[in-house]
Amino acid sequence: MELAFAGWSGILILLMYGAIMLGVGVATYWKNRNVHESLDEYYLGGRGLGVMVLFFTFFATQYSGNTVIGYPPTAYRMGYEYLVSVPYFILIIMVYLLFAPRMYLMGKKYKLLTPVDWIEKRFKSKPVSILAAILMLYALGNYLLEQFVAIGQGVAGLTGGTIPYQVGVVFFIVIMLIYGWLGGMRSVAYTDTMQGIALLFGVFMLLIGSIIYFGGLPNAADYMQAYSPEKLGVPDGPGAVNWFSLLVLVGIGAAVYPHAIQRIFSAKSEKTLKKSFTQMAWMPFLTAGVVFIVGIIGIAAFPDLSTAESEKLVGMLASAIANQHVIFYWAMVLLFGGVIAAIVSTADSVLLTFSSIVSNDLYGRYINPKASENKKILVGKLVGVAAVVLLVIIAWFPPATLYQIFVLKFELLIQVAPAIILGLYWNRLHPKAVFTGMLVGTVLASFMTFANITPLGIFSGLWGLLVNLLICVIGSLFMSVSVAEKEEADQVVGM
Amino acid sequence: MSKPKKEPIKNGKLWIIFGILFALINPWYFPEGSYQPLFWGIPYWALIIIAASLLLSAFISYVIKYQWQLEEEEEKKEAK
């Protein structure tokens, strides 16, 4: 990506953002220096996050730099059909309403730390817990990988080759590791707040600049009417099915992100959680909606781009806008800095949850249950750092074959949903049925993804989920749960 | 007198409304490929989808505020 404003001003902004993140992270640590003595303190911020911080840390789990860089090109290619990106973010909050109220209660009652903790509490089954932990770690790892690749592209664009982009990537990852290591969830959540504000500011400046210099939606509509009316029209049959699958897959998938569930446990109170969710329900219009409009404006601003060229749309728009006025010049520098900050904020959340599952659910539960909390935290951090190093290597030297195993994410995460959500409400749900469903769903979804099979145009992850759910329900109906087990389940979920 | 406990999932009526709103945010009920009339350059059907999305957000806000009441009262007492 060639940016008109790339170079030393970019480096300056990156250094500034890096310094602020480090400052926020270290200051948070300074105020809470006992965080390393307790898993609750380190991974959940002592279950005391207030409305604004909780809101921005939820925001960071859903919106990343990719929302800004990747969504406009998709809107550019698909036209109004990609308007689906607005309601699907709203739907995530609707799915939360299915389980978050009770999940918060369970978290408080049983001092739950991770989603796997909940699965263990509910099913008391080693195979189910371990399979769920592996699926989550695997998906989180891929998610992290995606963020590292994106940081590389962002840094390369913003510094315009003034410094090798690897230096930039290492710079941010080291900063992220330092503040994450020091302050845990509190550092992550407070930096998320700063990063979220930077992103929102940049996106709005991009929208304003695009409207001023390229004409708004009416201009884009005139162009589409003349040259590509299909981009304005109601989606056809397959388009509508695609729309539906996206809504369901993202709605459920993003709601059961392990790092998103963990944030439910971090809330200070039910009231705090409710307020943060209410704000989240309106955010899609300001984020996905705004970047969607930017993509549509791009259709008239830079017509006839190939798919590969269109991927650089945001860079082209930003460069053109930056050339017009000095205010926009700096606004666009801030935007790209904000994009990188947003990627870091998503990556740090994912990494923290990754470490917590290792600390609590693998090391703490099975390998060395007697370890002190301090030691469990240390093991989680070290494994986290090792994973980061490995993923950076993969990001820089992508394997020529088998690259597909690094794309599975939603497809796998969504397979944990029946255990987590159904388990909250149905006391007959049988551990063996859950295990079989999860495993079969995972294998089926992975196979269908690799083989690129999408019957009826519905995504492979959803087919996996459907089969998974059927096995869970039918299996549980056939296998009897002993009276004792049922009573135990009643005690856990009964209310 | 404390308010009664409320959990959204236990209230079937809410989910019927969510179902209707879900149906409205899918563009299956417009004639394929149509886009006229345009308002401020936005096709009519996109405006209807946006309106339905706003309704969904509004309804979610309502449910969160008035239909989700599990711990709040007790937490208020704890805080005192």
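(1) part of a helix (DSSP H, G or I); (2) more than 22 Å from the chain's Cα centre (by Cα): which one isn't true of A:Thr162, the others all being true?
Failed condition: (1).
To keep it simple, each residue is scored yes or no on (1) part of a helix (DSSP H, G or I); (2) crowded, with 23+ Cβ neighbours inside 10 Å.
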{"residue": "A:Met103", "(1), (2)": "yes, no"}
{"residue": "A:Lys109", "(1), (2)": "yes, no"}
{"residue": "A:Leu113", "(1), (2)": "no, yes"}
{"residue": "A:Val116", "(1), (2)": "yes, yes"}
{"residue": "A:Arg122", "(1), (2)": "yes, yes"}
{"residue": "A:Leu131", "(1), (2)": "yes, no"}
{"residue": "A:Tyr138", "(1), (2)": "yes, no"}
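Assess whether A:Gln153 counts as being more than 14 Å from chain B (Cβ to nearest Cβ), surrounded by fewer than 23 Cβ atoms within 10 Å (Cβ to Cβ) and assigned to a helix (DSSP H, G or I).
yes
Please find, within the range A:275-291, the residue that is surrounded by the most Cβ atoms within 10 Å (Cβ to Cβ) out of those that are of a type in the set (A, V, I, L, M) and more than 7 Å from chain B (Cβ to nearest Cβ).
Across the range A:275-291, the extreme among qualifying residues is A:Val291.
A quick yes/no check of all residues on (1) modelled with pLDDT of 85 or more; (2) in a loop (DSSP other than H, G, I, E, B); (3) of a type in the set (Lys, Arg):
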position: A:Ile340; (1), (2), (3): no, no, no
position: A:Ala347; (1), (2), (3): yes, no, no
position: A:Ser355; (1), (2), (3): yes, no, no
position: A:Arg365; (1), (2), (3): no, no, yes
position: A:Ile377; (1), (2), (3): no, no, no
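Does the range A:63-85 include one or more residues that are more than 11 Å from every other protein chain (Cβ to nearest Cβ) and outside any helix (DSSP H, G or I)?
Checking the range A:63-85: at least one residue is more than 11 Å from every other protein chain (Cβ to nearest Cβ) and outside any helix (DSSP H, G or I).
For the subset of the range A:426-456 comprising residues that are of a type in the set (Phe, Trp, Tyr) and closer than 24 Å to A:Met103 by Cβ, which member is modelled with the highest pLDDT?
Once the filter is applied, the top-ranked residue is A:Phe435.
Look through A:Gly161, A:Gly184, A:Gly154 and report the one residue that is modelled with pLDDT under 85 and over 21 Å from A:Ser345 (Cβ atoms).
That would be A:Gly161, the only listed residue that is modelled with pLDDT under 85 and over 21 Å from A:Ser345 (Cβ atoms).
Restricting to the range A:196-222, what's the tally of residues that are in a helix (DSSP H, G or I), under 19 Å from A:Met316 (Cα atoms) and within 14 Å of chain B (Cβ to nearest Cβ)?
So the answer is 6.
From (1) among the hydrophobic types (A, V, I, L, M, F, W, C); (2) buried (at least 24 other Cβ atoms within 10 Å of the Cβ); (3) within 19 Å of the chain's Cα centre (by Cα), pick out the condition that doesn't hold for A:Val95.
Here A:Val95 clears every test but (2).
The values are calculated or read from the model by the stated rules, or taken from the named source; none is laboratory data. Owing to the predicted nature of the structure, the values given are computational and were not obtained by experimental measurement. With ideal geometry, Cβ positions are generated from the backbone for all residues, glycine too; neighbour counts draw on all protein chains shown.
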